[in-house]
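**Student:** Handing you a structure now.
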Amino acid sequence: MLVSNLLKSQSVDHLSVNVYSSEFELALGAAQIVREYLMNILDQQTEARILLATGNTQIQFLDALIALGGVDWSRLVLFHLDEYLGIKAENTASFCYYLRERVEKKVKPKQFHYIKGDATEPLTECDRYANLLKTQPIDLCFLGIGQNGHIAFNEPSVANFNDPHWVKLVKLEESTQQIQVKQGYFPNLDAVPQYAYTVTIPTILSSKKIICLASGINKAGIVKTALEEEITVSYPVSILRRHQNAHLFLDAHSASLLQNR
């Protein structure tokens, strides 16, 4: 088995931070830790429940996790963190499509609960999905970080560390919409939905273990702020510093602005 090249490991408050030499090494290192965790969990219980993220940083990680083998996916119940409002699952820009193609079709989990982006009653859909999440604890949550510090679609303008909701509708910030265009998921800004469903921050924090990935120089600024400044909804990802079992995986680029890097 390949061994990832870990450059540095440290803690910021309760948050464990691992820095790797490249995005590939980051993905491999995270996948190895997740594989071991899931195998241990499945030795102790009949199934495990996972919240999955999307985005470009997750692609190599998911590929590496699947390629490592050893995980009985038929005993995993999967959820995802967010979805655009009004988008069909067959739309190639939807997160349902992303996860169906990159995960479900490859590993055939026990069950994959998707947020229905095109539900005719969005508030009822929020309740439906929240009730599914509430039935049993979430064993593991995968996260990415937006350039403005959002986790899932908990933008700084709507983030609430004490949110009473499990799932809610939010308005996307224009900077987030622009990134979706830049990454090629939508042809132009007008095509990006203005609103989205998101699992809230307390729901994320209820997970027994959190794995957060951030790679590339474009994430260096928010990584520095989230780790070195105060914990605040202005940088939602900073709340991971209060979780007892959260792990942040960085590459040399995303860690490049950290003090004592």
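The values are calculated or read from the model by the stated rules, or taken from the named source; none is laboratory data. Here the structure is a predicted model, which means the values were calculated and not measured. Reconstructed Cβ throughout: ideal geometry from the backbone, glycine too, with neighbour counts over all protein chains shown. We work out accessible area using only protein heavy atoms, side chains counted, and drop any ligands, DNA or RNA first. Shrake-Rupley method; radii C 1.70, N 1.55, O 1.52, S 1.80 Å.
**Student:** Please list, in chain and number order, the residues 5+ apart from Arg49 or on another chain whose amide H is under 5 Å from its amide H, with Hs placed from the backbone.
**Tutor:** Distant-sequence amide H within range of Arg49: Val77, Asp139, Leu140.
**Student:** Which percent of the accessible heavy-atom area of the chain goes to carbon and sulfur, probe 1.4 angstrom?
**Tutor:** 49 percent
**Student:** Over region 153-261, with the other protein chains present, what is the accessible area per residue in square angstrom, probe 1.4 angstrom? Numbers along the way, then the final one.
**Tutor:** Working: 4820 Å² over 109 residues.
On a per-residue basis, 44 Å².
**Student:** Please compute the Cα-Cα pair-distance distribution of the chain with 10 Å bins starting at 0, giving whole percents from short to long.
**Tutor:** Spelled out per bin, shortest first, that is 7, 32, 39, 20, 2, 0.
**Student:** At a 10 angstrom cut-off on C-beta neighbours, averaged per residue, how do the peptides 116-124, 25-33, 97-105 rank from highest to lowest? Intermediate values should be presented prior to the final figure.
**Tutor:** On the way: 116-124: 14.6, 25-33: 23.8, 97-105: 17.3.
Those peptides, ordered most packed to least, come out 25-33, 97-105, 116-124.
**Student:** Among all helices in the chain defined by DSSP H, which have a length of 15 Å or more along the axis from Cα atoms plus a Kyte-Doolittle mean of at least -0.5? All intermediate terms of the calculation are to be shown ahead of the outcome.
**Tutor:** Values: long enough: 23-44 (32 Å, 0.35); 56-68 (19 Å, 0.93); 122-134 (18 Å, -0.52).
For the chain, where a helix must reach 15 Å along its axis and average at least -0.5, the hits are 23-44, 56-68.
**Student:** Can you check how the C-alpha radius of gyration of region 23-163 compares to 2.2 N^0.38 Å, as a plain ratio? Spell out each step's value before the answer.
**Tutor:** Values: Rg = 15.2 Å, N = 141, 2.2 N^0.38 = 14.4 Å.
Its radius of gyration relative to the 2.2 N^0.38 Å reference: 1.06.
**Student:** Considering only Tyr20, Gly55, Pro122, whose Cα is most displaced toward the positive end of the charge dipole of the chain, charges sitting on Cβ of Lys, Arg (+1) and Asp, Glu (-1)?
**Tutor:** Tyr20
**Student:** If only Cα atoms are counted, what is the Rg of region 119-231, and what is its Dmax, in Å?
**Tutor:** Over region 119-231's Cα set, Rg and Dmax evaluate to 14.9, 43 Å.
**Student:** Under 30 Å between alpha carbons, and skipping anything fewer than 8 positions from Lys134 in its own chain: which lysines qualify?
**Tutor:** Within the straight-line cut-off, Lys134 pairs with Lys88, Lys105, Lys106, Lys108, Lys110, Lys116, Lys168, Lys171, Lys208, Lys209.
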